[in-house]
Amino acid sequence: MAGTDPIHQFVIQDIFKLFTLGGDGTEGSGTTFAFTNSSLFMVATVAIISLYLILSTGSKSVIPGRAQLVSELMYEFVANMVRSAAGSAGMKFFPLVFSLFTFIFVANMLGMVPYFFTVTSHIIVTFALSMLVFLTVVIYGFVKNGPKFLKLFVPSGVPGYILPIVAPIEFISFMSRPISLSVRLFGNILAGHITLKVFTGFIVTMSSLGFLGILGSALPLIMAIALTGLEFLVGAVQAYVFAVLTCMYLNDAIHPSH
Amino acid sequence: MVTQAYAQEAAAPAEEHVEAPATDAVHADPTADTHATTEAHAGEDHGSGVFPPFDPATFPSQLLWLAITFGALYLLMSRVALPRIGGILANRKAIIDADLAAADASRQKTDAAIAAYEAALAAAKSKAQGIANESREAIQADLAAKRSAVEADLTAKVTAAEARISATKAEALTHVDEIATETAQTVVTQLVGDVSADSVRAAVAKAKE
């Protein structure tokens, strides 16, 4: 049954245990850290991005080859995204946005390979990434603008008597950003992978029902093929959405009076 | 195989769970909860246990490795990869700009050369025109001088000739009386006989009046 269980693909297994913090030395007490299948794919994601970008740009050619051109296109894609959403002052956050975009993008693409683990299908990972963005925005916003950063909650041009209503709404929408940012990515990837697994599970189940079942399994097969294409699109779009929203939130920190 | 590995892994916390509350009462509560759910999950083959993405027991490891890997990615990107790609793009832009500037400079040089050529051409033309004018004026002046010299010469000759003619005429006119006297004396002598020269002369003078 495990073969068609749509949840099984999200199970985290320890590859080897590392160390335990706290506790009293007995097994099970304290917080245990381990190298898991999730860790393995995080390492793989970072290794793929870093090796590709560093090796493809090794020759530093003025006239780029194909591999170098891809690196340059990714660079310019993210750089234009940052520049258009957060202005040239936002370019100091370009490495952060680039790292986020490539990490999520490659993790999503790796997750599309059968039997591979999808790092972004765990809420704690997406939440940690969105908290990183959120805390960067809040800390940089206060460091750069001081109390003026609170203007963010007071949109200009709003009459004074509406402010008691508008400001709390702005505040709540601001505070819910890390949740919406993380749940959007997590939910899309999780739901997509479950759907894909359910439809492919149908193929196996129906095929075991005899001749008519094999004929009927063509329907979930077509669905599974279509969904695979859709999931590649979703994986790329979600990485883009995460990066664009990061840029827009960073823009709030750089220019709080909008 | 995957299921087996997971079951084994889950089996260990199940044992730990028994010992945990006895040793550390304060710490036991949250961990006991976690292990209990993990145990249930393992026991029923992921059927009704905790949903893996919401299993807090996996959070520390995930956060640790996310911090390590994303931190490494950020460092590699901000220190190595992005400056390098940015350098390549900036270098290319500099080369293109320099080439464009060089092309522009060449074009300006060409324009300057064309302008210089045209100026030189215009100067040469005006100089040639000047020379032509000068020589024409010189020739005209020379011609006029020669002509006036010739005219003066001719006028002088005409004047001299006229003077000579009038002199000759005057001289001739002085001989007219003498000729007339001689002629009249001869005619009278033939017709009448001798006549004195003085009376003939007086008669001629009388006839002339």
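Here is how the numbers come out for the structure above:
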{"item": "Filter result for the condition that a residue is within 10 Å of another protein chain (Cβ to nearest Cβ) and assigned to a loop (DSSP other than H, G, I, E, B), over A:59, A:99, A:71", "result": "A:59"}
{"item": "Checking residue B:50 against (1) outside any helix (DSSP H, G or I); (2) within 7 Å of chain A (Cβ to nearest Cβ); (3) at pLDDT 50 or above, the condition it does not meet", "result": "(2)"}
{"item": "Flag for residue B:200 being free of Cβ contacts under 8 Å to residues at least 24 places away in the same chain and either surrounded by 10 or more Cβ atoms within 10 Å (Cβ to Cβ) or aliphatic (A, V, I, L, M) (or both)", "result": "yes"}
{"item": "Number of positions in the range A:120-135 that are more than 8 Å from every other protein chain (Cβ to nearest Cβ) and either in contact with a helix residue (DSSP H, G or I) (Cβ under 6 Å, 6 or more places away or on another chain) or among the charged types (D, E, K, R) (or both)", "result": "7"}
{"item": "Residue among A:165, A:203 that is over 28 Å from residue A:133 (Cβ atoms) and among the aliphatic types (A, V, I, L, M)", "result": "A:203"}
{"item": "Matching entry among A:142, A:149 (being surrounded by 16 or more Cβ atoms within 10 Å (Cβ to Cβ) and more than 17 Å from residue A:176 (Cα to Cα))", "result": "A:149"}
{"item": "Elements of type helices (runs of 4 or more DSSP H) in the range A:132-240, at least 3 residues being under 30 Å from the mean Cα position of the chain (by Cα) and at pLDDT below 95", "result": "A:163-175, A:177-207"}
{"item": "Single unsatisfied condition, residue B:73 versus (1) at pLDDT below 95; (2) within 7 Å of chain A (Cβ to nearest Cβ)", "result": "(1)"}
{"item": "Residue within the range A:21-37 that is in a helix (DSSP H, G or I), touching a residue at least 12 places away in the same chain (Cβ under 8 Å) and over 17 Å from the mean Cα position of the chain (by Cα) present", "result": "yes"}
{"item": "Residue that is surrounded by the most Cβ atoms within 10 Å (Cβ to Cβ) [pool: residues in the range A:105-136 that are of a type in the set (A, V, I, L, M) and in contact with a Leu (Cβ under 6 Å, 6 or more places away or on another chain)]", "result": "A:125"}
{"item": "Test: residue in the range A:53-61 that is in contact (Cβ under 8 Å) with a residue 60 or more places away in the chain and either farther than 23 Å from residue A:244 by Cβ or of a type outside the set (Phe, Trp, Tyr) (or both)", "result": "no"}
{"item": "So residue B:111, is it within 30 Å of residue A:64 (Cα to Cα) and out of contact with any Gly (no Cβ under 6 Å at 6 or more places or on another chain)", "result": "no"}
{"item": "Answer from A:42, A:74, A:112 - the residue that is over 16 Å from the mean Cα position of the chain (by Cα) and at pLDDT 90 or above", "result": "A:74"}
{"item": "Test set (1) crowded, with 20+ Cβ neighbours inside 10 Å; (2) at pLDDT below 90; (3) closer than 26 Å to residue A:187 by Cα; (4) of a type outside the set (Lys, Arg) - residue A:32 fails condition number", "result": "(3)"}
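The values are calculated or read from the model by the stated rules, or taken from the named source; none is laboratory data. This one's a predicted model, so the numbers in the text were calculated from it and none came from an experiment. FYI the Cβ positions are ideal-geometry reconstructions off the backbone, even for glycines, and counts take in every protein chain you see.
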